[in-house]
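K.L.:
Let me begin by handing over the structure; questions about it come next.
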Amino acid sequence: MTVFNSKPSFRHLNSFFVEIILVVLFFAFSCAILIKVFANSYVQNKNADNINMAVITAQSFDNMFSSNGDLTKTVESMYGKSAAECVNNDYVVLFLDSQGKYSGQSGVFKIVISCNEDVNNKAGVIKSADISVLSDDGELVRLTSSVYVPEGKEIAYE
């Protein structure tokens, strides 16, 4: 007749606790890695949103400036009269909120626009605008827009 010991030996109990501790450590390490991955993906998503907004803003300004060739009119049509008052000698700095709307003296984005004219052309003038959209992280996008204005004529403005 075989008699089974109903109490586990100390050696079996000790190895059980070691195994449980190893499993808990493994899951804790796995959770830390997953949290790091999700945090990095959140930051990358926010950066992509900012870059996307910057590109949309710069392209919108480029399209509007190409249609009329006037910095003040472009700023006024996009951001209103209060923003157009910020234009100073073909140079303007505007602050935009996270939706790309004019926000006065502070905002998430800063758009810097400077205009130049090439008047050496006898047939007309080539106007160009350098558009930079900046955030706290630095420059997000830079575009240059140019428009040709024939001599003695203005581009139709709507």
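Read-outs: derived from the displayed coordinates by stated rules, not from any lab. Values in this document were obtained by computation on a predicted structure and should not be read as measured data. With ideal geometry, Cβ positions are generated from the backbone for all residues, glycine too; neighbour counts draw on all protein chains shown.
K.L.:
Longest exposed-loop-site-free stretch of the chain, with chymotrypsin sites (Phe, Trp or Tyr not before Pro), DSSP loop and at most 12 other Cβ within 10 Å?
P.N.:
No qualifying site falls inside 5-156, the longest such stretch.
K.L.:
Another question about this same structure. Which of (i) 175; (ii) 190; (iii) 111 is the computed volume of the Cα convex hull per residue in Å³ for the structure on display?
P.N.:
Identified label for the calculated read-out: (ii).
K.L.:
Quickly work out the residue 98-to-residue 42 label distance, labels modelled 7 Å from Cα along the C-beta direction, and quote it in nm with one decimal.
P.N.:
Result for the modelled spin labels: 1.3 nm.
K.L.:
Enumerate by residue number the GluC sites (Glu not before Pro) in the range 33-142 meeting two conditions: DSSP loop (anything except H, G, I, E, B), and at most 12 other Cβ atoms within 10 Å of the site's Cβ.
P.N.:
Of the GluC sites (Glu not before Pro), the ones in loops of the range 33-142 whose Cβ has at most 12 other Cβ atoms within 10 Å are 85.
K.L.:
Given a Förster distance of 22 angstrom, what is the FRET efficiency for residue 81 paired with residue 117, based on the Cβ-Cβ distance and rounded to 0.05?
P.N.:
The formula returns an efficiency of 0.40 here.
K.L.:
For the chain, the longest stretch holding no trypsin sites (Lys or Arg not before Pro) located in a DSSP loop with at most 10 other Cβ atoms within 10 Å is which?
P.N.:
1-121
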